[in-house]
Amino acid sequence: MTIPDYQSLLLPLLKAVADQQIYTLRVLYERLSDEFGLSHDERAELLPSGNQPVIENRIGWAKTYLKKAGLLEYPKRGHVRITERGLSVLQQDYRQLKASDLKQFEEFQSFTSQSNKAGDEAEVLEAITSEQATPTEAIEAAYQRLRTELATEIMAQIKDLSPFFFERLVVDLMIKMGYGGSRKEAGEATKASADGGIDGIIREDRLGLDTIYLQAKRWDNVVGRPEIQKFAGALQGERAKKGVFITTSSFSREARDYVNNVDNKIVLIDGERLTDLMIDFGVGVSTGQVFEVKQLDSDYFSE
């Protein structure tokens, strides 16, 4: 069973409270999840941001739309109850209730057009309420698309620059992640070397209690097990315990399996993870626009 979209939840949610009793959101989450036969994994599946389960987000937005249309009311925080208008809608025997059906109510029309003050944003909200995604999902999906496009641009830039620049980029990233201290302290990692598999050395912490050996390869081909074996051998030659192998391409399954069976702790970072880390830690990127999505502070309004 796939997780139902928010529009598929509108009518079941309304029917779930048809007895005019007051229900908590938690009870409704469980009841609707049971009704749709969702597995444990489906109930636990999170939005891309990891902030909320998908099913709870969709039920939450279905509740919001029904409330905005006057079909539900909130008698107290975290609780819902059906209204007379909601009962009237149930009597119309809808096979499926959609957001477009809610436009017959003036309150819902006001809700969907409230962003007229911001010009084109009204069209965005109108589009969201007509699609399968909730507004939260639409925002997160748009963010993920922008992030994916940015990652592609980053990788294209990396491949156009010199191998030396790539090694310097790797050190910059390690520093931003909290390793090596300052650029001056991590300078040893930027030296060119022909040491049989190690491009540089960086401190694990500011005190230098341990060191991490780095290998950076700006490759297009898949990195196989032989390359990782060479790196592991180089670590043993230096009596090193930790290493990070970073590439712009990817690693074979044999390479990934190999690092799980050696005494040295070797972390493999492929091109996809590299660009993710660069975005997360602000290496080679700058902030364009910041949008704050605010939510109601229920504690403020409690007496």
Along the dipole axis of the stretch 6-143 (charges at Cβ: +1 for Lys and Arg, -1 for Asp and Glu; origin at the Cα centre), the most positive-end residue among L71, F111, Y29 is L71
Labelled set (1) 33, 22, 19; (2) 24, 23, 20; (3) 53, 21, 18; semi-axes √(5λ) of the Cα gyration tensor in Å computed from this model equals the value at (3)
Simple SL model, points at 7 angstrom along Cα→Cβ for E30 and A44; separation in nm is 1.8 nm
Everything considered on the Cα gyration tensor (a ≥ b ≥ c; rounded for a/c under 1.5, else prolate if a/b is larger than b/c, else oblate), the stretch 1-64 must be described as prolate
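For Cα pairs less than 8 Å apart in space and 6+ apart in sequence, what is the mean separation divided by the residue count of the chain, i.e. the relative contact order in percent?
Averaging sequence separation for qualifying contacts and normalising by length gives 12 percent for the chain.
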The extension gain from L146 to E254, computed as 0.36 nm times the residue separation minus the Cα-Cα distance, is 35.6 nm
Row for the stretch 6-143, column shape: gyration tensor on C-alpha, a ≥ b ≥ c, rounded if a/c < 1.5 i.e. under 1.5, prolate if a/b over b/c, else oblate; value oblate
Toy charge model, Lys and Arg Cβ at +1, Asp and Glu Cβ at -1: the chain dipole around Cα centroid in debye, rounded to 20, equals 520 debye
Taking every DSSP bridge whose two residues both lie in the stretch 192-295, the antiparallel percent to the nearest 5 is 25 percent
Taking R0 as 51 Å and r as the Cβ-Cβ distance between D297 and K230, the FRET efficiency 1/(1 + (r/R0)^6), rounded to the nearest 0.05, comes to 0.35
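Output the pairs from K67/K103; K230/K265; K159/K217; K76/K103; K68/K103 with a Cα-Cα distance over 20 Å in this structure; if there are none, say none.
Values: K67/K103 13 Å; K230/K265 14 Å; K159/K217 11 Å; K76/K103 26 Å; K68/K103 10 Å.
K76/K103, as the Cα separations exceed 20 Å there.
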Env charge @ E45, Cβ radius under 15 Å, K,R +1 / D,E -1, value -4
Length gained if N221 through Q104 is fully extended, taking 0.36 nm per residue and subtracting the Cα-Cα distance, is 36.3 nm
The simple spin-label model distance between V267 and E204, using points 7 Å out along Cα→Cβ, in nm, is 1.1 nm
With the dipole of the chain defined by +1 on each Lys or Arg Cβ and -1 on each Asp or Glu Cβ, the option from I202, L268, S88 whose Cα lies farthest towards the positive pole is I202
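No lab work stands behind these numbers, since they all come straight from the coordinates. Quantities reported herein were computed from a predicted structural model and do not represent experimental measurements. Please note: Cβ atoms are built from the backbone with ideal geometry, for glycine as well, and neighbour counts cover all protein chains shown.
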